[in-house]
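Okay, so here's the structure we're looking at.
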Amino acid sequence: MWSIDFFERIREKCKRYPEAQRIYERFRAQPETMLAQPFDIPLLGGGWSHDYNCPTDGDRLVLIDRHHHRCPTCDSVWSGSPWDEVAIANEHWNYSKTCRNAAVLYGIDGEGRWADWAKQVLLFYADHYERFPLHDRHGGASHTSGKVMCQTLSEASWLCLLAQGFHILKLQNVFTSKEINHITNNLLLPALDVIANNPAGISNWQTYHNAAKALVAAALDDQELMQQVVSDPNNGFYFQMENSLGQDGFWYEGAWGYHFYTLEAQTLIVLAAESFGLQLYEDSRFQSMYRAPLECMFPDGTLPPIHDSGEVKVEKYSHLFEFSAKYIGVGQEVIHRGGIRESLYSLLFGFEEDMASRNESTRSIAQNGFVHLEKAGMLFLKQEADSPEKGRLAMIDYGEHGGWHGHQDKLNLLYYGGGHPWLTDAGMLPYGNPIHFDYFKQTVAHNTVVVGGRSQAEAEGRILHMGTNTDGAMEAAMEVSGAYPDAVLRRKIILKDDFLLDVFHVQCAEEQDVDWIIHTQGVPVADGEAEEAPRWSRAAGEVLGTEDGYKYLHNPKSIEVAESQCTMQWMWNVESANKDRLSLIALDVQAGEELYLAESMAMPSIGKRSTFLRRRKQVKETVFIAVFQANGIDSKAAACKANYDASSEEVVIHIEGKAPFILSTRII
């Protein structure tokens, strides 16, 4: 990679494919803007990116200048520490990124100004790297400290780009031997020494440490250094493939944001290895990292914000799938999903003659049925359809906690139907905001049960059974013990056509209050606006609780229920009031059971969610039963009705024009 011939092939692509030429022209825009500005690399170390958020609402700030930062949600302007330090880190990042991009442009078009500017960046950091003090995000020195950045993770990420820029210019004979030695001995190797202070093993940090080391090894043609990256028994590429992934290819932290974040670095390692004739892209575990998100993504092309992750739009990573389409044979559908191809990877790896023939394995990506991420303990039930509006998917998280990035969310249920992700996870805020830990990681923020008003302990469950019954319905059940002392939680779901049956069994050694909770970003349909809508009788005050995230359930209202079931409806938004509805039939509402509707926090991109809570007080054993249906009122799908027979432990689903479905609520 980066050879004279490599860039010649890119020039040929641009001549042959007008779209490739357009990508090249768009790619020039960012370096052009940077080169037009004064050259002003700060001699200060950068701060922690997760501090760059508004203390009031958690939204990510927008840069005004190095010392002023605006919140796009509330328009507050913040200045000083820690925000200024993050702005400085972003400046260092922009210089390293533009150094790499300018070097690429020089390789393509040979304009000397690109090489001159990139060379200036590399020599500046080589001249001054020693002067940057070791510092962590708290300002002190520790094994996690960086110099230009505040931690070895971000130091490695910054170094990856500089190493690529150096490698390209070196192969283009831009440097003198003296300059090569200066950059090698005063920037690249000293930065690797800083990163080496923090061997991290099973960690996304170590993946970026490895990537930086691999790219420096490729730039220096240092085979021994590259071998360390590949074979280090406690930190290397093969160690991580064996220990940080399941056989299914999902990153151990159980968060799709971190899966792709790590995949970025793993791909850099694979590309660096090509300089030594190593074909790491043939490793089956590495390939599975590309296959897993394709198999698990929702019908609208997103992946859910489980654990420490926001919602992930898979097309955001279409640049990575440009690589996988060429080297692995998967991902063509993602490349073309977004319409416009504009990434550097499109230019580097796209438009290859042999991509179509190597893309045969895409057909083996599961689009229907069960997808089981066994190591992570997540099960997806997928019903394939010819459009996102018709596809259905349910998911339960029952397995590994997910390390530091895990949430207290065992048996959390997600549901997509009718074109929308109706039951979703709360997601996350930046770690610098305390609300992330006070609410978003707590059990009450998830679609599961809370026992005794307190969050679950870290726990890992097991799957009891999964399969398709004689009616073609998909069914699965899971069990968790250890989330609460002397308590067992079991959840069973059945997905069939337009409805989802949910059965949640709780068994405790002592009498406890038990809350069954679901959240949706839909807007609740008010009294009189929907058939069988319940009455929201009164404001309930702050009665739901104050500990473990409950104080973030706002404006609770009690719901009056005259019978043994309660039907609720939500519309996706006010604009879609005549269609796009989620219906919930809460069955077997018991004497003394309390039902509430509240508002809960969400990521700034969503704003807030609607929360429905069923509370049974002082019970040792109880079962919550509910039926969900998601569709448009003006669609052909008829609304379902449901009845529960406690004596036979069966739910009967009635849909107009169809024979009734009889479903067992027995879990084991």
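Provide the convex hull volume over Cα atoms per residue for region 188-338, in Å³.
Working: hull volume 16.2 nm³, N = 151.
Output value, Cα hull per residue: 107 Å³.
For the chain, what does the helix formula give at 222 nm: sum of -39500 (n - 2.57) over DSSP H segments with n ≥ 4, over the residue count, nearest 500 deg cm²/dmol?
Values: 17 runs with 199 residues, N = 668.
After summing the helix terms and dividing by residue count, I get -9000 deg cm²/dmol.
Given the options His167, Tyr129, Ala89, identify the residue whose Cα lies farthest towards the positive end of the charge dipole of region 77-223 (+1 on Cβ of Lys, Arg; -1 on Cβ of Asp, Glu).
His167
Treating the Cα atoms of the chain as identical point scatterers in vacuum, please give the log10 of the normalised Debye intensity I(q)/I(0) at q = 0.07, 0.10 Å⁻¹, two decimals.
Computed log10 I(q)/I(0) values: -0.51, -0.98.
Can you work out the FRET efficiency for the pair Asn90 and Leu189, with r the C-beta to C-beta distance and R0 = 25 Å, to the nearest 0.05? Write out the running numbers ahead of the final one.
Values: r = 26 Å, r/R0 = 1.02.
Efficiency computed from Cβ-Cβ geometry: 0.45.
Can you flag which of Lys119/Lys147; Lys313/Lys557; Lys15/Lys213 are past 30 Å Cα-Cα?
Values: Lys119/Lys147 21 Å; Lys313/Lys557 34 Å; Lys15/Lys213 35 Å.
Going by Cα-Cα distance, Lys313/Lys557; Lys15/Lys213 fall outside the 30 Å limit.
Based on the alpha-carbon set only, what is the convex hull volume of region 233-317 divided per residue, in Å³?
Details: hull volume 7.8 nm³, N = 85.
Taking only Cα atoms, region 233-317 has a hull volume of 92 Å³ per residue.
Run the simple label-point estimate for His554 and Ala659 please: 7 Å along Cα→C-beta, distance reported in nm.
5.1
Ordering Met466, Met478 from largest to smallest accessible area (1.4 angstrom probe), what's the sequence?
Values: Met466 90, Met478 0 Å².
Putting Met466, Met478 in descending order of accessible area: Met466, Met478.
Sticking with the crude label model, points 7 Å out along Cα→Cβ, report the distance from His182 to Asp221 in nm, one decimal please.
Placing both labels 7 Å beyond Cα along the Cβ direction yields 2.2 nm.
What nm value, rounded to one decimal, do you get for the distance between Val543 and Lys617 when each label is placed 7 Å out toward the C-beta?
Roughly 0.8 nm, to one decimal.
What length, rounded to one decimal in nm, is gained on full extension from Thr33 through to Asn469, with 0.36 nm per residue of separation minus their alpha-carbon distance? Can you show the working numbers first?
Values: separation 436, 0.36 × 436 = 156.96 nm, distance 6.01 nm.
Result for the pair: 151.0 nm of gain on full extension.
Taking N as the number of residues in region 588-668, what value does Rg over Cα atoms divided by 2.2 N^0.38 Å take?
Details: Rg = 16.5 Å, N = 81, 2.2 N^0.38 = 11.7 Å.
Region 588-668 yields a ratio of 1.41.
What percentages make up the Cα-Cα pair-distance distribution of region 384-484 when the bins are 10 Å wide from 0?
For region 384-484, the binned pair fractions read 14, 38, 32, 14, 2, 0 percent.
So, R0 is 25 Å and r is the distance between the beta-carbons of Lys316 and Tyr238; what FRET efficiency does that work out to, to 0.05? Walk me through the numbers before you get to the answer.
Details: r = 29 Å, r/R0 = 1.14.
Taking R0 as 25 Å, the efficiency between Lys316 and Tyr238 is 0.30.
Per residue, what accessible area does the chain have, given a 1.4 Å probe and all protein chains present, in Å²? Don't skip to the end; give the middle numbers.
On the way: 26210 Å² over 668 residues.
Solvent-accessible surface per residue comes out at 39 Å².
Could you tell me the calculated FRET efficiency between Ile4 and Asp40, based on Cβ-Cβ distance and R0 = 30 angstrom, to the nearest 0.05? Walk me through the numbers on the way to the answer.
Values: r = 33 Å, r/R0 = 1.11.
Given R0 = 30 Å and the Cβ-Cβ separation, E is 0.35.
How many percent of the accessible area of the chain is carbon or sulfur, using a 1.4 Å probe? All intermediate terms of the calculation are to be shown ahead of the outcome.
Values: 12440 of 26210 Å².
Ligands and nucleic acids excluded, carbon and sulfur reach 47 percent.
Can you work out the Karplus-derived ³J(HN,Hα) for every residue in region 505-511? Use 6.51 cos²θ - 1.76 cosθ + 1.60 with θ = phi - 60°, whole Hz, and x for glycine or proline.
Result, rounded to whole Hz: 10, 10, 10, 10, 6, 10, 5.
Need one number for region 1-146: average projected area of the convex hull over its C-alpha atoms, nm². Write down the numbers at each step before the final one.
Details: hull surface 45.5 nm².
Over all viewing directions, region 1-146 projects a mean Cα-hull area of 11.4 nm².
In a solvent-free Debye calculation with one equal scatterer on each Cα, what is log10 I(q)/I(0) for region 146-258 at q = 0.13, 0.21 Å⁻¹, listed in the order of the q values?
For region 146-258, the Cα-only Debye profile gives -0.51, -1.12.
The values are calculated or read from the model by the stated rules, or taken from the named source; none is laboratory data. Please read all numbers here as calculations on a predicted model, not as lab measurements. No Cβ is skipped: glycine too gets one built from the backbone with ideal geometry, and neighbour counts run over all protein chains shown. These accessible areas exclude ligands, DNA and RNA; they are computed on the full protein's heavy atoms, side chains included. Shrake-Rupley method; radii C 1.70, N 1.55, O 1.52, S 1.80 Å.
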